[in-house]
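The values are calculated or read from the model by the stated rules, or taken from the named source; none is laboratory data. Everything quoted here is computed from the prediction, not taken from an experiment. Every residue, glycine among them, receives a Cβ derived from its backbone with ideal geometry; neighbour counts consider all protein chains shown. When the accessible area is computed, the model is the full protein with side chains, heavy atoms only, and any ligands, DNA or RNA have been set aside. Shrake-Rupley method; radii C 1.70, N 1.55, O 1.52, S 1.80 Å.
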Amino acid sequence: MKVLVAEDDAETRDYVERGLRELGHAVTDAHDGRDALFLATSEAFDAIILDRMLPGIDGMTILRTIRGAGVTTPVMMLTALARVEDRVEGLEAGADDYLVKPFAFTELTARLNALSRRPAAVAAETSLRIGDIELNRLKREVRRSGQRIELQPREFQLLEELMVNAGRVVTRTMLLERVWDFHFDPKTNIVETHVSRLRTKLNAGFGHDPIQTVRGSGYLFDADV
């Protein structure tokens with residue numbers, strides 16, 4: 001994989017870089033937030049390892065900026081902040097994984113490999129249309145009755161997963177795995193919160209909500225919208 005390692009601590013950065021190169025990965029490093037943001041938005045990477053406490057521009061700001069710019073590269077946040085609130089904040093901002101320092105290199109590589117196994121974001125069909133809702137995978141844009149709806153990257157992924165499975169129940173566990181790449185329950189309402197935000201944006205000015213809640217199971221996108 002081609003990996004960007006954004007870490008200001010030289011010892012940690014060298015340790016991670018050396019280990020990744022020994023495994024055959026191509027590594028680009030960034031010592032501060034400005035370099036990390038520039039690289040993340042100007043080059044294509046298979047994964048980004050992002051320290052939260054970077055000088056210049058902090059990791060959280062970088063994460064929100066690249067997600068807002070439509071960069072979907074998997075991001076593993078690396079940080080000494082271990083509180084549940086800190087992990088939730090990082091995941092809500094768009095991180096795909098969150099690893100707390102000190103860490104074992106074997107765990108880091110296992111998590112990195114898991115990120116690399118995610119399905120490609122763009123499938124054979126470049127656009128999905130169900131009723132008056134159209135999702136364009138190449139342009140990363142959603143329209144309803146021709147009206148453009150601005151979605152955050154995670155909201156776009158969530159809608160895409162629901163539309164791909166239109167007419168079938170998509171469980172909370174399935175969404176955690178496919179949208180957030182979680183293979184565990186984070187014990188938060190992250191799915192419910194994002195579905196609520198998506199509904200608010202998708203249904204503004206429209207009478208019908210195509211996202212149906214199936215109590216005790218998950219969600220179903222109504223193909224007859």
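In whole Hz and in residue order, list the ³J(HN,Hα) couplings for the range 100-112 that follow from phi through the Karplus curve 6.51 cos²θ - 1.76 cosθ + 1.60, θ = phi - 60°; x for Gly and Pro.
8, 7, x, 9, 8, 4, 5, 5, 4, 5, 5, 5, 5
To the nearest 10 degrees, how steep is helix 10-22 against the longest Cα principal axis of the chain, on a 0 to 90 scale?
70 degrees
Roughly what would the spin-label model give for residue 141 and residue 65, points 7 Å off Cα along C-beta, in nm?
2.5 nm
Compute the distance in nm between two label points, each set 7 Å from the Cα along the Cα-to-Cβ direction, one at residue 117 and one at residue 173.
1.6 nm
With a cut-off of 8 Å between alpha carbons and a minimum separation of six or more residues, what is the relative contact order of the chain in percent?
Details: 343 pairs, mean separation 30.8, N = 225.
This gives 14 percent for the chain.
Alpha carbon centre of the range 4-83 versus the range 141-202: separation in Å?
26 Å
Using θ = phi - 60° and the Karplus curve 6.51 cos²θ - 1.76 cosθ + 1.60, what whole-Hz ³J(HN,Hα) does each residue of the range 152-165 get, with Gly and Pro shown as x?
Here the 3J(HN,Hα) series is 6, x, 5, 5, 4, 4, 5, 5, 4, 5, 5, 6, 4, 9 Hz.
Could you report the chain's accessible area per residue, 1.4 Å probe, as an integer in Å²? Present the calculation step by step, with values, prior to reporting the outcome.
Details: 10940 Å² over 225 residues.
Computed with neighbouring chains in place, this is 49 Å² per residue.
Among 127, 116, 145, which one shows the highest mean-square fluctuation when the chain is modelled as a Gaussian network with alpha-carbon springs under 10 Å?
145
When the convex hull of the C-alpha atoms of the chain is computed, what volume per residue in Å³ does it have?
Working: hull volume 28.0 nm³, N = 225.
In the chain, the Cα hull volume divided by residue count equals 124 Å³.
For every helix of n ≥ 4 consecutive DSSP H residues, a contribution of -39,500 (n - 2.57) applies; sum these over the chain, divide by its total residues, and give [θ] at 222 nm rounded to the nearest 500 deg cm²/dmol.
Numbers: 8 runs with 88 residues, N = 225.
My calculation for the chain gives -12000 deg cm²/dmol from helical runs alone.
With a ≥ b ≥ c taken as the square roots of the eigenvalues of the C-alpha gyration tensor of the range 47-102, please select rounded if a/c is under 1.5 and otherwise prolate if a/b is larger than b/c or oblate if it is not?
Prolate shape, in that a/c is at least 1.5 and a/b is the bigger ratio.
Filter the GluC sites (Glu not before Pro) in the range 147-205 to those in DSSP coil with at most 15 other Cβ atoms within 10 Å of their Cβ, and list the result.
Working: sites: 150, 155, 160, 161, 177, 192; in loops: 150.
Filter output for the range 147-205: 150.
Cross-link candidates for residue 187: which aspartates and glutamates have Cα within less than 15 Å, leaving aside residues fewer than 8 places away along the same chain?
85, 86, 89, 92, 97, 177
What do you get for the angle between helix 59-68 and the principal long axis of the chain? Use alpha-carbon atoms, 0 to 90 degrees, nearest ten.
40 degrees
Using Cα pairs under 8 angstrom and six or more residues apart, how large is the relative contact order of the range 122-201, in percent? Each step should come with its number before you reach the end.
Values: 73 pairs, mean separation 17.4, N = 80.
Answer for the range 122-201 is 22 percent.
Multiply the residue gap between residue 88 and residue 109 by 0.36 nm, knock off their C-alpha separation, and tell me the result in nm, one decimal place. Intermediate values should be presented prior to the final figure.
On the way: separation 21, 0.36 × 21 = 7.56 nm, distance 2.18 nm.
Computed gain between residue 88 and residue 109 is 5.4 nm.
Roughly how many debye, to the nearest 20, is the charge dipole of the chain about its Cα centre, given +1 on each Lys and Arg Cβ, -1 on each Asp and Glu Cβ, and no other charges? Intermediate results must be reported in sequence, preceding the final value.
Values: 30 positive and 36 negative charges, 155 e Å.
Once rounded to the nearest 20, the dipole reads 740 debye.
Build a GNM of the chain with springs between Cα atoms under 10 Å: which of 197, 178, 83 gets the top mean-square fluctuation?
83
Could you please state how large a percent of the accessible area of the chain is carbon and sulfur, counting protein chains only and using a 1.4 Å probe? Don't jump to the answer; show the numbers that get you there.
Values: 5400 of 10940 Å².
Heavy-atom surface of the chain belonging to carbon and sulfur, 1.4 Å probe: 49 percent.
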